[in-house]
Structures are given as structure tokens and as C-alpha cells.
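Each remark here refers to the structure printed beneath this line.
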Amino acid sequence: MIDFQDTRVGTYVDRKGRSREVRIEQVDPALVLAFRRMTPEQRLNAGLRHSAFICKQAQAFIAAKHPDWTTEQVRSELARRTLGRRR
């Protein structure tokens, strides 16, 4: 049995050396059980779908903040944010 009452607290330090306390949220027990019932292929496919969804959401967010940017500029900014590329 997994103890879902555990709350994890840690410190996050950004690139500029600033730190702050963060709490890591625990996964919903129902979600854990749902993933345990899946085959490895089903879990991988679910993860890939989720990743594609998050990417589209991030692109939409960036495009909304910069309506004058081209699609390529939005994609470039997303790559910079996710991969750490510098402009």
C-alpha cells in the first residue's frame, strides 16, 4: 500500500541563484491504480498523448502573449523554454 499522506517539501533554486520552498503534489491514488492496470504500451501512449497536449497548450499560451509573432517564432520560443536554447 502506498502512503498518500506524505507531503514533500523541497527547495527550488533558479538560474540566478534565487531559492524558494516548493511542495511536490502527490498523485491521485485513482490515477495510480488506473496506470497500474495499463500495459506498458498503453502507459507510453498515454504519456505521448499528454506530452503532445501540453506542447499544444504551451504554444497557444505563447502565441496569445505574442500575437504579432509568426508560427516559427512561437515554436522557437517553445524550444527555448523546453530545451534551454538561447536566442
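A few notes on this one:
- Residues in the stretch 29-87 that are more than 30 Å from residue 15 (Cβ to Cβ) and aromatic (Phe, Trp, Tyr): 35 only.
Here is a yes/no grid of residues against (1) at pLDDT 95 or above; (2) surrounded by fewer than 11 Cβ atoms within 10 Å (Cβ to Cβ); (3) in a helix (DSSP H, G or I); (4) more than 19 Å from the chain's Cα centre (by Cα):
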position	(1), (2), (3), (4)
2	no, yes, no, yes
41	yes, yes, yes, yes
45	yes, no, yes, no
53	yes, yes, yes, no
62	yes, no, yes, no
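The values are calculated or read from the model by the stated rules, or taken from the named source; none is laboratory data. Here the structure is a predicted model, which is why all the values come from computation and not from measurement. Backbone-built Cβ (ideal geometry, glycine too); neighbour counts: all protein chains shown.
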